[in-house]
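Novice: Starting off with a structure, shown below.
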Amino acid sequence: MKGVGAGRIAAIAAIAIAVVALVMLLGSSDDDYRVTAEFQNASQLVNGNEVVIGGSAVGLVKEIELGDNGQAIVTFTVDDEFTPLPRGTIATVRQTSLSSVAGRQVELTLPPETEETEPIADGETLSQAETVSAVDLDEVFNTLDTETVKDFKRVIKGFRDSYEGVQQQANRGYRYANPFLSTSRRVFSELTRDTRAFESLIVDTAKLSGLLAERRADISGLVTSASAALGAIGRERQALASAINQLPGFMRTANTTFVNLRAALTDLNPLVEASIPVADRLGPFFAVLRQAARDSVPTIRDLAAIVRRRGSANDLVELTRAQVPLARAGVGSGMPDCGSDPLADYDQAADQDFTHGALGETTCALQNQLPQISHIRAYIPEWVGWFDGFSTSGTLDATGGIGRIALTLNAFSPTLTGPDLTSPLDLAGLLEGTVPGLDTDAWARCPGALERDPGDGSTPFTDGGAINCDTDQLPPGD
């Protein structure tokens, strides 16, 4: 009996200890710092989900209820280290993993410490303006109509078909996405670190988008031109591949040039400093230049048509190509040695096959004609006077107009006595110079030989003996 009584006492004591521990546990639970948050929906939260700040667990979700207006009322605790929460704290429901159905957590984003805010007392509520519910992927799909969902399925199937047979190559390509994604994560972390600066960036971007929308016509033209340029590059893909093939060698060769360019840039600093005052004055000049460039577009377009046009023998390029045979015909095998005696050195001066070209032949022809031209030059005044004599024949003196007439028939002329015109003229004797009354063999008359010597010895003109002529071949009479 004593053993039974002792066992009962031990059982009662154990129950008492358990009750005391439960009371202490409940009492400590009641002492936890609690905050109630109103969410648009619970986002599949369950009791026991973690509450985190900066990725560290600081509490648990304790209770989820339905509010009067259909909102989710979520009550959670926060460790003493972070209590009380400052007003301005944002509670966001996050997904811990796409593979977990109930893998949710409440992330608390605290305001900057520089902001002076009131504390959130134990048991106070965060309004819906201070909470963000999670958006599940199926909610996004639920916003799409049936036709859009069908099209989206076709897109997914198209991706599947595009990777068919190239899975291994795609997997190797995706390996390079890991550095990009990790770097992007760090970039976005830096962007969201200063929310105010990020918000300013978004606002400025919106303003920029508005300005771009105002210039949509210009942007459309830019996109069209870029499309045409990329299309032209695509059509020259073989040449582009060849250029890329040669690029490494070119870059190695250019490395020395780039190194030397640094010193050149240093030398350019004085020029840049001296150009600063002039830069302000270039503004009006560039404004006028912009208008001039705009006005020159039709001219340049026409010039392009002149330079290159479809068809044959109708543009400047083909004209330039035609200059090659023209130059070959003009220059030939080179300029010849025309020689000192044109008659004796004709084979050297201008060969019978004209291989020296038109310019060489013309040069030799002009050079070989110099003796003839030099000889004829002294007779130019008489030649001009012969033409002029038809309009102003004779001269004037004190007794009136007079004229002197002399008959000169090339190599023979009548003398003062003249031939006997009553008898038949002996032609054979005329050619042999045996006809009386004729001055024959006058083949080398000097310039001015038909003029009478005025007494100063100016006629006939021999240029100091340089002209090869006979001074005795004069007209008859005094």
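Novice: Can you give the extra length, in nm with one decimal, that the chain gains between Ala322 and Asn245 once fully stretched, where that is 0.36 nm per residue apart less the Cα-Cα distance?
Specialist: Values: separation 77, 0.36 × 77 = 27.72 nm, distance 3.42 nm.
Full extension from Ala322 to Asn245 adds 24.3 nm.
Novice: Next question, about the same structure. Kirkwood Rh, Cα Rg: Rg to Rh for region 39-95? Kindly include the intermediate steps, with their values, before the conclusion.
Specialist: Numbers: Rg = 11.7 Å, Rh = 12.2 Å.
Taking Rg over the Kirkwood Rh, I get 0.96.
Novice: Right, another one. Given the options Pro112, Gln44, Ala129, identify the residue whose Cα lies farthest towards the positive end of the charge dipole of region 32-140 (+1 on Cβ of Lys, Arg; -1 on Cβ of Asp, Glu).
Specialist: Towards the positive end, the residue furthest out is Gln44.
Novice: Another question, then. Given the peptides 290-299, 39-48, arrange them by the average over their residues of other C-beta atoms within 10 Å, most packed first.
Specialist: Numbers: 290-299: 9.6, 39-48: 16.2.
Answer by packing, highest mean first, reads 39-48, 290-299.
Novice: What full-extension length gain, to one decimal in nm, is calculated for Ala197 and Gln238 as 0.36 nm per residue of separation minus the Cα-Cα distance?
Specialist: Numbers: separation 41, 0.36 × 41 = 14.76 nm, distance 4.70 nm.
Gain in length upon complete extension: 10.1 nm.
Novice: A further question follows. Mind jotting down the three principal axis lengths of region 32-140 based on Cα atoms? Whole angstrom, largest first.
Specialist: Between the extreme Cα coordinates on each principal axis of region 32-140 lie 40, 31, 26 Å.
Novice: A further question on this structure: Would you mind putting 362-370, 305-313 in packing order, based on average other-beta-carbon counts within 10 Å, highest first? Please list the in-between numbers first.
Specialist: Working: 362-370: 14.6, 305-313: 10.1.
Result, highest mean first: 362-370, 305-313.
Novice: How much FRET efficiency would the formula 1/(1 + (r/R0)^6) give for Leu261 and Leu370, where r is the Cβ-Cβ distance and R0 is 56 Å, rounded to 0.05?
Specialist: Working: r = 58 Å, r/R0 = 1.03.
It comes to 0.45.
Novice: Now, a different point. What are the extents of the Cα atoms of region 122-218 along their three principal axes, listed from largest to smallest and rounded to whole Å?
Specialist: Principal-axis extents of the Cα atoms in region 122-218, largest first: 57, 48, 35 Å.
Novice: Assuming 0.36 nm per residue, please report the length gained on full extension of the stretch Asp80 to Glu214 beyond their Cα-Cα distance.
Specialist: Values: separation 134, 0.36 × 134 = 48.24 nm, distance 5.48 nm.
Length gained, Asp80 through Glu214: 42.8 nm.
Novice: Just grab the label-to-label distance for Thr125 and Asp280, each label 7 Å out from Cα along the Cβ direction, in nm (one decimal).
Specialist: 6.5 nm
Laboratory data are not the source of any read-out in this text; all were calculated from the coordinates shown. Because the structure is a prediction, the values reported are computed rather than measured. All Cβ positions, glycine included, derive from the backbone under ideal geometry; neighbour counts span all protein chains shown.
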